[in-house]
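Notes to accompany the following structure.
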Amino acid sequence: MRVFLNIAVLCTALLAAGCVPQPDSQTQTKTSSSPSPAASPSPSPADSTSVRPITLPILDAFFGDSAFAETLKTRLKLSDDEVTKLKELARTETAKLDESAMNRPDGSHANAEAKEKIASVIGAEKSDQLAALVNELWKGDDASDKTGGNGAAKVNEVPKDTRVVVNAPAYRMDVFDDGRLVKSYKIAIGYPEFPLPTGLRKARTIIFNPTWTPPDEPWVAKMKGVSAGQKVEAGSSLNPLGPIKIPIGGPSLIHGGKPVAKLGKFGSHGCVGLTTPQIREFSKQLAGLAGTSLSDSEINNFARAKTETKELKLKEPVPVDLRYETITVESGSLHIYRDVYDQNTNTEEGLRAVLEAYGIKMDDLTADERAQVLDALAKMSGKSSVSSTTPSPASSASPHGKGSIAAAKPARQTRTQNQNEIVIPIAALQGKGYPAPVA
C-alpha cells in the first residue's frame, strides 16, 4: 500500500495550521518501479487533460524522503547537480513563507513563480515532466478504485452512494448517505502554496487527541516551544491538529482546531480544516456512515481525557471525494467560483462541458444569461483582478438574483479579493443540479 506521511505544520505567524504531504521511501520505491498515474474522481474539464501545477513548498515536502531524489535521477534523468539545486531552491523558498505571503486571493503567484524557478534549473521540458511526476506520486491508491460505485465521477455528478464530497473552490464539504445530502460544512482549505489535492480517498479511522511531530522544515525553526522531531503531546496548545484528525489515505487529513474566522478561506497546509465543534459533529456523522458506534457521550469522554490518544477504526471505509470544480450547477443556478489554485478551469470550454452534463447547450441560454456567464468567468479566473476598457457585456442586463452581476456596471470591472462566487439563475437549468447546502 502506498503510504504518505501526513505532516501538520504550524508557523509562528499563522492563526491555524494544517498538513503537507511527505512521501516515505516505500511510496517512492513502489512508484518508480511501477508507475501508475491515477485518475481524479471528479475532474474539472481542464484537469482531465492537463497536469496540475506544483508549488515549491510541495516540492520541498517531497524532498523530505531521500528516495525522491533518486526517483528524479532515474525517471527524469536529472544529474546530481540538478537535483541538489532543486532541493536547495525548494528549501530556500519555503523558508521565506509567512501568512501574509500565503493569503493572496489565488494561486497564480505560487504556481507561476515555481514553474519559472524550476525551469531555470532543469529547463522547461523537464519542469513539465517533474510536475507530472509529482502529480503521479501525489495520487492515493484509492483514486483508481472504480469498484462498488466508488469510482471516478463525472463533471458535477451528484453522488448516488454514501460518501463525503469536498469541493475546494466552494470551501464546502458534504456528507451523502445513500445518495441523500444530510449535512454540509463550510471549511478551510490549503493555501495556494499547499493546495488541497484532488482524488478519491477513503477514511478508515478517527483519531481522538492526536499527537504531532514537527517535521524538519524551515518554519519549525521559527516556532517557539517546539523542535523538529520532538513530539507535541495531545491536548497541547502547540498542537495544530485540534482534538480529532481523520487520515484520508493520501497526503491530507480532515482535522479540527481551526478558528471560525478561517472557514471559507485559505487556512491549512493541504488539509480540510474544521472548527472543534465541527470536527466532533463530523466524526459522529462519519462513524454513522461506516456503521460504527460513536455516541455523544463517547466523544465527550475523549474530549475530557484530552492527553490520551485513542483510535477508532471504522467498520467500513468511507469514500472521501476531493474535487476541484469552479463551475457548478446548484438548484437551477450556475455557480462560478474563483479559480483559487489557478488551474485555468473557468473557461468557455469548461462551461460548455458542465452545461452538456445537464443536457443544455450554450445556445439554450438567453443572450442576457450568456453575457452574465461569460463576464463571471472572466471575473472568477485565477488572476487577482480582471479589467476591461470596454463596457461589460452584462451592462445592459437586468439583475438576476443575489450574487449575479448587477445591471449598469461601470466600464472598468475589477474583482475584489473577497469575492469568491458569482451565482446566475439559468431558466433552462430549473430543477437541475447539485443540492443546496444542508444545515
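Read-outs: derived from the displayed coordinates by stated rules, not from any lab. Because the structure is a prediction, the values reported are computed rather than measured.
Over what distance in Å are the Cα centres of segment 267-288 and segment 187-216 separated?
10 Å
Once phi is turned into θ = phi - 60°, what whole-Hz ³J(HN,Hα) does the Karplus curve with 6.51, -1.76 and 1.60 give for every residue of segment 171-178, x standing for Gly and Pro?
Once rounded to whole Hz, the list reads 6, 9, 10, 10, 10, 10, 10, 6.
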